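Everything below concerns the one structure shown next.
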Amino acid sequence: MLQFAATFHIIASVSALVFGLWVVLARKGTRLHRTVGYAYFFNMLGLNISAFFIYRLTGHFGPFHGAAIASFITLIAGFVPAFLRYPRKGWLELHYEFMNWSYVGLVAAAVSEVLTRMPSSPFLGVVLAGSMLVFMIGGVFIVRGRGRYRFDKQVQRFDDAGVSWMTAWRLKRESCS
């Protein structure tokens, strides 16, 4: 089981890196953006779930499992608003922020993984330094990218400002039927 989880984890992580890079660089809002975005989402979901079956490093729940929880939270926080187009004003900005931070976290994890494979590198030092550097650079790109999008001009899904999350979910389910 451990070998399967580790192999799945690696495949999902490389796939998520590729799909995520494509989504970051490509034109937003197109059918292809949504399709590749779904591929990113499901690979990240599999990556986060498979992380909980890998205990080789510490033998128990450790800081990387905590990072998987944080990754899962940013992934869901970025996916749900776009999927439901809710909240009425602000869903696109939530999607932008959380999905970008989700990808930055993935890149930070990949950089940390590569740095720890270098001979005689101090494990904790390279993980922290690599992650912090990626988060700082990613943060700059995310802040700069905000200016490219008009979040206040986003397409509205609902006319009623009083729609709740549950109503948005019901309307989404009905539109898919």
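For the reader, a short list of remarks on this structure follows.
- Global geometry of the stretch 17-108, whether rounded, prolate or oblate, following the gyration tensor of its Cα atoms and the 1.5 cut on a/c: prolate
- Each of M136, M99 has some number of other Cβ atoms within 10 Å of its Cβ, and from fewest to most they run M136, M99.
- Prolate is the label for the stretch 98-140, because a/c, from the alpha-carbon gyration tensor with a ≥ b ≥ c as root eigenvalues, is 1.5 or above and a/b exceeds b/c.
- Least to most buried among E97, E174 (fewest other Cβ within 10 Å first): E174, E97
- For the stretch 2-157, a/c is not less than 1.5, where a ≥ b ≥ c are the root eigenvalues of the C-alpha gyration tensor, and a/b tops b/c. That puts it in the prolate class.
- Exposure proxy order (Cβ contacts within 10 Å, fewest to most) of S121, S112, S102: S121, S112, S102
- F123-V24 FRET efficiency (beta carbon distance; Förster radius 22 Å; 0.05 resolution): 0.15
Taken together, the values in this text are just the output of simple stated rules run on the coordinates, not laboratory data. Since the structure is predicted, the reported quantities are computational estimates derived from the model, not experimental observations. Every residue, glycine among them, receives a Cβ derived from its backbone with ideal geometry; neighbour counts consider all protein chains shown.
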